[in-house]
Amino acid sequence: MSTIGYIYRLLDATSDRVRDAVRAYVNIPCWTFGGASLWDVQPDAGRANLRPITRLEDIALLDVSGDFGHAFSANAEVRWKRLDADSYDVLILSEQPLNIEDARPLTCEDAPWEISRPQKAMILQSGDRPALKYVLYCAPLGALQLMRLTGVATEEEQE
């Protein structure tokens, strides 16, 4: 199992390019969430401006509205931040090297990202929502930089 993580950045990607990245690197089915605090925000909607983590079975249903979003699976995670009407800053995190057209690989001072996979630790959600599994992306000296979501834990994994 790899101990190296890879991060790629797509600048000024369109919403179609975001969907293509999710389809190509995260794959369907996957999990997704996002929200609005500036773009498409409805002030009276309050927390409804945030989309909870849900399973995505059809790429055509991927919601890229609002300010940000994530789609993730065991394969990869795609994160997007909206820049204007149809322009997004996109990060793609994976434990496998990827060949992504127009993407810039991001390193930590020209060194690869070191990853670790916690065996039991999970992100607990409130209510009866399942815990989330993750991979830690660290700088070469071990400082935590990013947490990549990898999936939703089963009941057995949470015990």
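What follows draws every value from the coordinates through simple rules; no lab data is involved. Just so it is clear, the structure is predicted and the values come from calculations on it, not from any experiment. All Cβ positions, glycine included, derive from the backbone under ideal geometry; neighbour counts span all protein chains shown.
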Item to check | Candidates Ser15, Ser94 - the one that is in contact (Cβ under 8 Å) with a residue 60 or more places away in the chain, surrounded by 14 or more Cβ atoms within 10 Å (Cβ to Cβ) and touching an Asp or Glu at 6+ places or on another chain (Cβ under 6 Å) | outcome: Ser15
Next on the checklist: Pairs please, first residue from segment 34-48 and under 23 Å from Arg19 (Cβ atoms), second anywhere and aliphatic (A, V, I, L, M) and not in a helix (DSSP H, G or I), Cβ atoms under 8 Å, 6+ apart in sequence or on different chains.
Outcome noted: Gly34/Leu50; Gly34/Val64; Gly35/Leu50; Ala36/Leu50
Checklist entry - Looking at (1) under 17 Å from the mean Cα position of the chain (by Cα); (2) in a loop (DSSP other than H, G, I, E, B); (3) more than 15 Å from Tyr8 (Cβ to Cβ), can you tell me which one Lys133 breaks? => result (2)
Item to check | Counted residues, segment 1-47 - those being closer than 13 Å to Ser65 by Cβ and within 17 Å of the chain's Cα centre (by Cα) | outcome: 8
Checklist entry - Inside segment 100-117, can you point out the residues that are part of a loop (DSSP other than H, G, I, E, B) and surrounded by 11 or more Cβ atoms within 10 Å (Cβ to Cβ)? => result Ile100, Asp102, Ala103, Thr107, Pro112, Arg117
Item to check | Of all residues in segment 134-155 being under 22 Å from Leu56 (Cα atoms) and free of Cβ contacts under 8 Å to residues at least 40 places away in the same chain, the one that is surrounded by the most Cβ atoms within 10 Å (Cβ to Cβ) | outcome: Tyr134
